[in-house]
Amino acid sequence: MKFIFSYFISIIILFLVWWLIIYFQIGNDTKSSQWVDDLYKYKESIELSSPKIVTVAGSNGLFGIDSKMLSDAFGYPVLNDCVNAGVELPVILLHAKRVIGRGDIVIVPLEYPLYSYNGEGGEQMIDHLYAREPKMLDKLGFLERFWIFWHIGYDRLYRGYFDGDDEKSLTGLYGVHNIDKNGDQIKTELKYQMEQMRAEIDRADENPHRYGKEYKSDALGWEYLKKFVKWCNSREVKVIFVPSTLMDNSLYHNNKIESWYYSNLSNIAKSKGLNFVGEPYDYMYDKSLYFNTDFHLINRGREIRTKKLIEDLKLQIL
């Protein structure tokens, strides 16, 4: 009995030590979380009057939507609030609420894995929340917070204590220096595509995603989306879900599970009460139109995708 008591006391002490180690680095900036934070802060500083169009998603929308084309087509100012799918669905939606005004139109081209979000936040979500948005942790469910608490890695803790830097990085592909006045990514012409970017596209082509296999009909993500739509409805905001872009691959057509997913996602979303317009296959393009990942279009691909988006949205917006 004494051994069991000592064992549980040791566990409690270790848990408290781990909690303290995590607690005292919360709110400390990390370089790895900087570009996402910079982009959100920049986009939240863009002043556009409502009603406006706001696009909400990860980087498929950052690289793949031409806001000026949307604005010219529908006559509304457009804010591209898409940044990075790695911060996960709850964080994307929480940031979106900061820029959505009464009467806005919200277009949501979510990356396909976000529909299957089930409370298991990855490294980028953990980094962003602990370093830049700790107050958002209170908006998550208990199990989500526990998952994040239990899955913060030693490397991330080290960076939380020793990697802080107020100096802004204005080099490389990702950052506010490559974002235009509407929030779109710039410098995605082929002349900016480096050899390692082409190699990444080739790797993605050889190893396509299995989002159909990973799909969960009862995923927590659907509840987040329903609550987000309800929040928008209370502010007279129209929400339109549309397909993400994704580099085309024969697996998505020939594999039974994957083809079922992309053929049925529109109807699945509608069955969950979401206003979903368009079909995923119409937004899958040849790899020659992708820049550095199978979600990031080059400028010509962005134009093609936005034209299709305008076509699908005409009956919803005009």
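The values are calculated or read from the model by the stated rules, or taken from the named source; none is laboratory data. Bear in mind that the values here come from a model prediction, so they are computed numbers and not experimental data. As a convention, Cβ positions derive from the backbone with ideal geometry for all residues, glycine included, and neighbour counts pool all protein chains shown.
Filter segment 199-209 down to the residues that are in contact with a helix residue (DSSP H, G or I) (Cβ under 9 Å, 6 or more places away or on another chain) and surrounded by 15 or more Cβ atoms within 10 Å (Cβ to Cβ), then identify the one that is nearest to residue 298 (Cα to Cα). Working first, answer last.
First, pick out the residues of segment 199-209 that are in contact with a helix residue (DSSP H, G or I) (Cβ under 9 Å, 6 or more places away or on another chain): 201-202, 204-205, 208-209.
This time we only want the ones that are surrounded by 15 or more Cβ atoms within 10 Å (Cβ to Cβ), so: 201, 204-205, 208-209.
On the way: 201: 12, 204: 16, 205: 16, 208: 19, 209: 20 Å.
Looking at residues that are in contact with a helix residue (DSSP H, G or I) (Cβ under 9 Å, 6 or more places away or on another chain) and surrounded by 15 or more Cβ atoms within 10 Å (Cβ to Cβ), I get 201.
Of the residues 306, 293, only one is in contact with a helix residue (DSSP H, G or I) (Cβ under 8 Å, 6 or more places away or on another chain), in a helix (DSSP H, G or I) and not aliphatic (A, V, I, L, M); which? Spell out the reasoning first.
Details: 293 fails: in a helix (DSSP H, G or I).
Being in contact with a helix residue (DSSP H, G or I) (Cβ under 8 Å, 6 or more places away or on another chain), in a helix (DSSP H, G or I) and not aliphatic (A, V, I, L, M) holds for just one of 306, 293, which is 306.
Filter segment 44-64 down to the residues that are surrounded by 24 or more Cβ atoms within 10 Å (Cβ to Cβ) and more than 22 Å from residue 225 (Cβ to Cβ) and list them by number.
63
Looking at segment 238-266 only, could you name the residues that are under 15 Å from residue 207 (Cα atoms), of a type in the set (S, T, N, Q) and in contact (Cβ under 8 Å) with a residue 24 or more places away in the chain?
To start, the set of residues in segment 238-266 that are under 15 Å from residue 207 (Cα atoms) comprises 246-255, 258.
When the remaining residues are screened for being of a type in the set (S, T, N, Q), the result is 249-250, 254-255.
Selection gives 249, 255.
I need the full set of residues from segment 93-114 which are part of a loop (DSSP other than H, G, I, E, B) and either more than 21 Å from residue 266 (Cα to Cα) or modelled with pLDDT under 95 (or both), in order please. Give the derivation first.
We begin by selecting, within segment 93-114, every residue part of a loop (DSSP other than H, G, I, E, B); these are 100-104, 109-111.
Scanning segment 93-114 gives 100, 101, 102, 103, 104.
How many residues are under 19 Å from residue 252 (Cα atoms) and of a type outside the set (A, V, I, L, M, F, W, C) when one looks only at segment 284-318? Give the derivation first.
To start, the set of residues in segment 284-318 that are under 19 Å from residue 252 (Cα atoms) comprises 284-290, 293-297, 305.
So of that shortlist, the ones also of a type outside the set (A, V, I, L, M, F, W, C) come out as 285-288, 290, 293-294, 296, 305.
Final tally of qualifying residues: 9.
Do we have any residue at all in segment 74-92 that's over 22 Å from residue 216 (Cβ atoms), in a helix (DSSP H, G or I) and of a type outside the set (Val, Ile, Thr)?
Checked segment 74-92: at least one residue is over 22 Å from residue 216 (Cβ atoms), in a helix (DSSP H, G or I) and of a type outside the set (Val, Ile, Thr).
What is the number of the single condition among (1) without any contact (Cβ under 8 Å) to a residue 12 or more places away in the chain; (2) under 30 Å from residue 300 (Cβ atoms) that residue 138 does not meet?
(2)
Pairs needed: first member in segment 21-49, in a loop (DSSP other than H, G, I, E, B); second member anywhere, hydrophobic (A, V, I, L, M, F, W, C); C-beta distance under 7 Å; at least 6 residues apart or different chains.
Taking only residues 6 or more apart or on different chains, the pairs are 25/157; 28/131; 29/131; 30/131; 46/79; 48/79.
Being in contact (Cβ under 8 Å) with a residue 12 or more places away in the chain, under 19 Å from the mean Cα position of the chain (by Cα), more than 20 Å from residue 122 (Cα to Cα) and surrounded by 23 or more Cβ atoms within 10 Å (Cβ to Cβ): is that true of residue 92 here?
Working: in contact (Cβ under 8 Å) with a residue 12 or more places away in the chain: yes; under 19 Å from the mean Cα position of the chain (by Cα): yes; more than 20 Å from residue 122 (Cα to Cα): no; surrounded by 23 or more Cβ atoms within 10 Å (Cβ to Cβ): yes.
No.
In segment 123-167, what residues are surrounded by 12 or more Cβ atoms within 10 Å (Cβ to Cβ), part of a loop (DSSP other than H, G, I, E, B) and charged (D, E, K, R)?
Of everything in segment 123-167, those that are surrounded by 12 or more Cβ atoms within 10 Å (Cβ to Cβ), part of a loop (DSSP other than H, G, I, E, B) and charged (D, E, K, R) turn out to be 132, 133, 163.
How many of the residues in segment 247-275 are surrounded by fewer than 19 Cβ atoms within 10 Å (Cβ to Cβ) and either polar (S, T, N, Q) or part of a strand (DSSP E or B) (or both)?
Selection size over segment 247-275: 10.
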